[in-house]
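Undergrad: I am attaching a structure below and will ask some questions about it afterwards.
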Amino acid sequence: MIEYIKSEIAALLNKQYPFITPIVEEPKDASLGDISIPIFELAKKRNVPFDECKSKVETLLRAHFKELITDIRLVRGFINIDVNKELVASHILMEITKLDNNYGTLSIGKDKTVVIDYSSPNIAKPFSVGHLRSTIIGHALGNLYEKCGYKVVRINHLGDWGTQFGKLIVAYQLWGDKNVIDQDPINELVKLYVKFNELEEHDPELTEKARHAFKELENGNEAYLKLWKWFKEESLKEFIRMYDRLGVYFDYYLGESFYTDKMDAVIKELEDKELLVFDDGAYVVLLDDLVPALIKKSDGTSLYITRDLAALFYRKKTYDFNKILYVIGNEQALHIAQLKAVVKKMGYDFYDAIEHINFGLVLQDGKKMSTRKGRIVRLEEVLDEACLLAKTYIENKNPNLPNKEEVAEKVGVSAIIFNDLKNHRVHNIEFDLEKMLQFEGETGPYLQYTSVRINSILKQVASIDINVVNSLFNKSHYFEVIRILDKFPLTLEKTVKENDPSILSKYLLSLATSFNKFYSLEKILVPDELIRNTNVLLSRCVKVVLDEGMRLLGMQVIDEM
Ligand code: ARG
């Protein structure tokens, strides 16, 4: 509502004074007013004093907004405005009550499709913490784009093709044991892969064998394909178990192997457009400001980028996207830049629709979290550990909670998700389970706990009554909460425009903090019926927005904890 008033003011000023760039902002300190308009530019261009400007603007605004605006005053070059808090607040609360979890739903993405390529782990390799970040960020962005009206296509571009399968096949032939692998597939396959890589360093023959095996695989060797399929199925089982725990899903699992028969067309097009050159034993596309993109090796086998090109054209044709997001770590910036550059060279303008949603590393005690006790971190163990710790916290706090296991799982998983999303994604994140599971501070449990607190209030009232005391909204601790509720739609829009879930995360923290301040100052369930109605209505609206925000981030909402 205030956001709406702000944009209306900007439009009015723009019409009346087309020669200035209207600025309509929110004062840093709420005690200065609800809306502030700097008038330096206007006064200067019109060559009139501030108070003359002010009275002109005031006449304009009063005529338009009538009783919506209560006070307009001049403070050192700024026109500060108070809105009618009673009207504005009741409007906002009614709107949230009416729309419920549809509050904040936008139509900026109407008739637009966005493809999101995320998670995309590699078969027969462990699901790394980097893949976890991609999974969490991609999933949240998917929810957020949907909320903004986009059609979202969620794709898991599994790493299920490439030279590593040549290595794995050779390793399996040399040292593999089916029974052992069946016991613990990913770990055993990773062991084989690691052993191969270690020995390969001193044994070029192994490299040659692996290269040959992958070539055979690309040529359709039945026995190799069968092995590959088995590796893939086993890995997928574990990945899907992880996705279920995280509440993550995809519209398509289309791994790199899906594009093996779609690469020739791309290569041919590159040839036809005379973009493919033979250079230093391989076929490459020369790029203006980047190192050349390696498209085909001398033995004819394909590369990661070749498969990505085929995937991109397939996606453009199949989904006709307006935007395609690649949620991959910072270290693949060159890869995406090359992908874009090749598409541009090919003469397609949709290179502009390609966006690299990059992110930083996961650190533990300041160091890259990739190995622990000399081993590779397994996501499952990380999740287990988080949930176990959550359970001990819950046991301390609420020993009589009936479904502790279930709640601990939701708290643990959501804590990891929120810890990932609360800072801008390009930053490295610190993975400190103890910290991220605190019930106070900038954590997932803090948000969940605030929602639970409101839930326990709501459980004590029979129904929501909209007969309220509007004058209460003039009190700053009431209005502060409402002002934040009002910003939810705009926050979502900004989050999606900037592909930055930390904007929503920080918003939710500020909402929870302002509600908890309100809660500490005001007894909610007071005897006076109308005051109680007001407090309950406000609390419920906070819960609606908080829960919807958490859902969008991919977190779980809890009833009791
Ligand atoms: N499997 C790749 C990796 O683990 C990530 C794939 C990302 N998506 C893509 N279209 N390249 O590094």
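Bear in mind these aren't lab numbers, they're just calculated from the coordinates by the rules spelled out. Just so you know, these numbers come straight off a predicted model, no measurement behind them. Here the Cβ is made from the backbone with ideal geometry for all residues, glycine too, and neighbour counts use every protein chain on show.
Undergrad: At a 10 Å Cβ-Cβ cut-off, how would you order 285, 481, fewest neighbours first? Please report the intermediate quantities before stating the final value.
TA: Details: 285 22, 481 25.
In increasing order of surrounding Cβ atoms, one gets 285, 481.
Undergrad: How many angstrom separate the Cα center of the range 1-45 from the Cα center of the range 475-542?
TA: Distance between centres, Cα-based: 25 Å.
Undergrad: Same structure, new question: What shape does the range 198-314 take by its C-alpha gyration tensor, where a ≥ b ≥ c are the square roots of the eigenvalues and a/c under 1.5 counts as rounded, a/b above b/c as prolate, and the rest as oblate?
TA: Details: a/c = 1.95, a/b = 1.30, b/c = 1.50.
Cα axes put the range 198-314 in the oblate bin.
Undergrad: Under a Cβ-Cβ cut-off of 15 Å, what is the net charge of the residues other than residue 109 that fall near it, where Lys and Arg count +1 and Asp and Glu count -1?
TA: The answer is +2.
Undergrad: By the scheme Lys and Arg +1, Asp and Glu -1, what is the net charge of all other residues having a beta-carbon under 13 Å from that of residue 51? Display every interim value, and only then the final one.
TA: Values: positive: 46, 54, 56, 73, 76; negative: 52, 58.
Summing Lys/Arg as +1 and Asp/Glu as -1 gives +3.
Undergrad: When only Cα pairs under 8 Å and 6 or more residues apart are kept, what is the percent relative contact order across the range 295-402?
TA: 19 percent
Undergrad: For the range 160-175 and the range 396-468, what is the separation of their Cα centres, given in Å?
TA: Rounded to whole Å, the Cα centres lie 44 Å apart.
Undergrad: What does the charge count around residue 156 come to, taking other residues whose C-beta lies under 12 Å from its C-beta (Lys +1, Arg +1, Asp -1, Glu -1)?
TA: Once positives and negatives cancel, what remains is -3.
Undergrad: While we're looking at this one, here's another question. If each residue's Cβ is checked for other Cβ atoms within 10 Å, how do 354, 295 rank with the fewest at the top? Mind dumping the intermediate values first?
TA: Numbers: 354 19, 295 23.
In increasing order of surrounding Cβ atoms, one gets 354, 295.
Undergrad: Using alpha carbon centroids, what distance separates the range 234-273 and the range 135-159, in Å?
TA: Using only Cα atoms, the two centres lie 15 Å from each other.
Undergrad: Next question, about the same structure. Checking the a/c ratio against 1.5 first, then a/b against b/c, what shape does the Cα gyration tensor give for the range 268-352?
TA: In terms of gyration-tensor shape, prolate.
Undergrad: For the chain, what does the helix formula give at 222 nm: sum of -39500 (n - 2.57) over DSSP H segments with n ≥ 4, over the residue count, nearest 500 deg cm²/dmol?
TA: -18000 deg cm²/dmol
Undergrad: Over 31 Å between Cα atoms, which of 56/147; 28/497; 98/316; 237/268 qualify?
TA: Details: 56/147 40 Å; 28/497 24 Å; 98/316 39 Å; 237/268 36 Å.
Those over the limit are 56/147; 98/316; 237/268.
Undergrad: Pull up the cross-link candidates among the aspartates and glutamates for residue 6, meaning alpha carbon to alpha carbon under 13 Å and not fewer than 8 places away within one chain.
TA: 25, 26, 34, 82, 486
Undergrad: Taking the highest mean first, how do the peptides 203-209, 124-130 order by number of other beta carbon atoms within 10 angstrom per residue? Don't skip to the answer; put the middle values down first.
TA: Numbers: 203-209: 13.7, 124-130: 21.9.
Final packing ranking: 124-130, 203-209.
Undergrad: Right, something else. Is the shape of the chain best called rounded, prolate or oblate, per the rule: a/c under 1.5 gives rounded, else a/b larger than b/c gives prolate, else oblate, with a ≥ b ≥ c the square roots of the Cα gyration tensor eigenvalues?
TA: Because a/c hits 1.5 or more and a/b fails to exceed b/c, the chain counts as oblate.
Undergrad: Near the amide H of residue 362, under 5 Å away, which other amide H atoms are found, from residues 5 or more places off or on another chain, if H is placed in the peptide plane?
TA: 369, 429
Undergrad: Neighbour counts of other C-beta atoms within 10 Å: give me 263, 555 arranged from fewest to most.
TA: Taking fewest neighbouring Cβ atoms as first place, the list is 263, 555.
Undergrad: Which links in 410/487; 125/215; 317/340 stretch past 23 Å when you go from one Cα to the other?
TA: From 410/487; 125/215; 317/340, over 23 Å: 410/487.
Undergrad: A further question on this structure: Specify the angular offset, from 0 to 90 degrees and rounded to the nearest 10, of the alpha carbon long axis of helix 85-99 from the longest principal axis of the alpha carbons in the chain.
TA: The angle comes out at about 40 degrees.
Undergrad: Just to check I understand the Karplus step: with θ = phi - 60° and J = 6.51 cos²θ - 1.76 cosθ + 1.60, what whole-Hz values come out for the range 303-312, glycine and proline as x?
TA: 10, 3, 6, 4, 5, 5, 5, 4, 5, 5
Undergrad: What list of ³J(HN,Hα) values in whole Hz, one per residue of the range 199-215 in order, does the Karplus curve 6.51 cos²θ - 1.76 cosθ + 1.60 (θ = phi - 60°) give from phi, with Gly and Pro shown as x?
TA: 5, 4, 4, 10, 9, x, 4, 4, 4, 4, 4, 5, 4, 5, 4, 5, 4
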